[in-house]
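Each remark here refers to the structure printed beneath this line.
The values are calculated or read from the model by the stated rules, or taken from the named source; none is laboratory data. Note that the coordinates shown come from a computational prediction; the quantities given were computed from them, not determined experimentally. Backbone-built Cβ (ideal geometry, glycine too); neighbour counts: all protein chains shown. Areas reflect the complete protein model, heavy atoms only, side chains present, ligands, DNA and RNA absent. Shrake-Rupley method; radii C 1.70, N 1.55, O 1.52, S 1.80 Å.
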Amino acid sequence: MSGWLWALFTVIAAFSQTVRNAAQRQLTATLGTVGATHVRLPFGLLFLLGVLLAGGTGLPRPPAAFWPWVLDGALTQVAATALMLAAMRERSFVVTIAYIKTEPVQVALFGLLLLGDAVTPALALAILIATVGVVVMSVKPGASAGGLRPTLLGLAAGAMFGLSAVGFRGAILSLGLPSYLMAATFTLVIGLALQSVLLSGYLGLREPKVLAGIMRAWRPSLFAGFVGALASQFWFLAFALATAASVRTLALVEVIFAQAISRFAFKQRTTAREAFGIALIVVGCVLLIWAS
């Protein structure tokens, strides 16, 4: 069963991420994307407290190697979000999202180069099939990429998300703890704390009203913050057990969850092109799990 836990954790994370995205739409309109992502740390601390109480052990003492990895994960995730927003402002939302979803291909390369995570032929084929499925779903026939700039921004965002995944996995592994639960949760909290300090400084200098808005909107922020922190917790648990490439490829099921919400909640029909893309994602994910 333990060999399958990473897949279960990834699916839970992807589903929670989809719910968070839906819940965060109203919050983002009020606080902005930076402010809306600022509410996960308190829940991360609660998760860490729960792990401490359940495990009966103290906090780990991270080695020097931990800090470059976790800094890479935290900073590149912020950079990825900034690049994604810049790409969306180019008025080519759907196409640039397709470029961003090339992340599994890029994370496989980064994982191989930086962590030595092996990429077997079956894993490479699974990544390729699932990624093509996302591109097929995202890019409509005749759609324009809007020029070179949004293409580069989308690819750069995917690269930064990939580096972030590899950085957080490297931080988890560098702890060398017997408990993957503690390693993942501790790394999550440190990463969220680093991002909170960075974003607080940014908001204090550039958008002080958003900081005040976060304090005022704490009550409606609770659900989005909790679900976002829950998604992060399960991403990190999956990173502790499997390669970043495997996790981020299976994470493409998030696209299917989003499509299901559109179909059943908003009564939007699924086109033949979208159905074909979904089929490719499913085939890629099944092959991925089989290969793992």
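Observations, loosely collected:
- Checked against the criterion of being buried (at least 18 other Cβ atoms within 10 Å of the Cβ), in a helix (DSSP H, G or I) and within 14 Å of the chain's Cα centre (by Cα), region 58-68 contains not a single residue that satisfies it.
- Candidate set: region 86-99, residues that are within 17 Å of residue 132 (Cβ to Cβ) and open to solvent by 10 Å² or more (accessible area, probe 1.4 Å); chosen: the one modelled with the lowest pLDDT: 94
- Restricted to region 157-192, and to residues there that are within 14 Å of residue 59 (Cβ to Cβ) and not hydrophobic (A, V, I, L, M, F, W, C), the residue that is surrounded by the most Cβ atoms within 10 Å (Cβ to Cβ) is 187.
- Residue selected from region 164-192 under the condition of a type in the set (Gly, Ala, Ser) and over 17 Å from the mean Cα position of the chain (by Cα), by the criterion farthest from residue 115 (Cα to Cα): 179
- Flag: residue 80 matches the condition of being assigned to a helix (DSSP H, G or I), under 26 Å from residue 174 (Cβ atoms), modelled with pLDDT of 85 or more and under 15 Å from the mean Cα position of the chain (by Cα).
- Of all residues in region 5-61 being among the hydroxyl-bearing types (Ser, Thr, Tyr) and under 18 Å from residue 181 (Cα atoms), the one that is modelled with the highest pLDDT: 10
- Among helices (runs of 4 or more DSSP H) entirely within region 133-242, having at least 1 residues that are among the hydrophobic types (A, V, I, L, M, F, W, C) and at pLDDT 90 or above singles out 148-175, 180-206, 218-241.
- Members of region 107-128 found to be open to solvent by 40 Å² or more (accessible area, probe 1.4 Å) and in a helix (DSSP H, G or I), listed by number: 109, 110, 112, 113, 114, 115, 121, 124, 125, 128
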